[in-house]
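Written out below as structure tokens is the structure these notes cover.
The values are calculated or read from the model by the stated rules, or taken from the named source; none is laboratory data. Quick caveat: nothing in here was measured; it's all calculated off a predicted structure. Cβ atoms come from the backbone with ideal geometry, glycine included; neighbour counts cover every protein chain shown.
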Amino acid sequence: MATVSNISVSPEIQPLVDVKEFHRRMGSISRQSAVYFAGTIFTLGIGAFFKIYVARTLGAEALGVYALGMTIVGFLGLFNALGLPTAAARFVATYCANGELSRLVWRCCSVAIFYSEVCCWFLVRGWRSICTICRRLGHISGRLRSSCSLEC
């Protein structure tokens, strides 16, 4: 059997966390969490109303093409970051520590320009692919035919 022994703590040991500081930080975290939660709820609400508006404005056929496009964009969004947020955190810290902030700015601009070109190329190719798929399935008529007539 295990025995329990009383361990005495000397009065010289101060608590590691000040209670007032702890409550101040917890209050700050709680307020920030509430603001984030409210923003998330607001965004979801606006998104729901936007979807209703788009559905009523576009009609059934155009909404189907829109949904297909958004599905493709969402799928490609999985690969969107390409590790850039992690790399940005690392390189900002490294360049700032070495005092090479101007070099960091130029490198960020060149990466952003290259990344924008790649994304634009995929968007153009994606739109043409969507038009081709819809045309082969016989789903394009009316208003969409004019927007898909650009060499697709």
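Take Ala62 and tell me if it is touching a residue at least 12 places away in the same chain (Cβ under 8 Å) and either more than 30 Å from Val111 (Cα to Cα) or charged (D, E, K, R) (or both).
Yes; evaluated as a whole, the condition is true for this residue.
Please verify whether Glu117 is surrounded by 11 or more Cβ atoms within 10 Å (Cβ to Cβ), out of contact with any Leu (no Cβ under 9 Å at 6 or more places or on another chain) and either of a type in the set (Gly, Ala, Ser) or modelled with pLDDT of 70 or more (or both), treating the condition exactly as stated.
No.
Please find, within the stretch 71-112, the residue that is nearest to the chain's Cα centre (by Cα) out of those that are within 30 Å of Ser129 (Cα to Cα) and hydroxyl-bearing (Ser, Thr, Tyr).
Thr71
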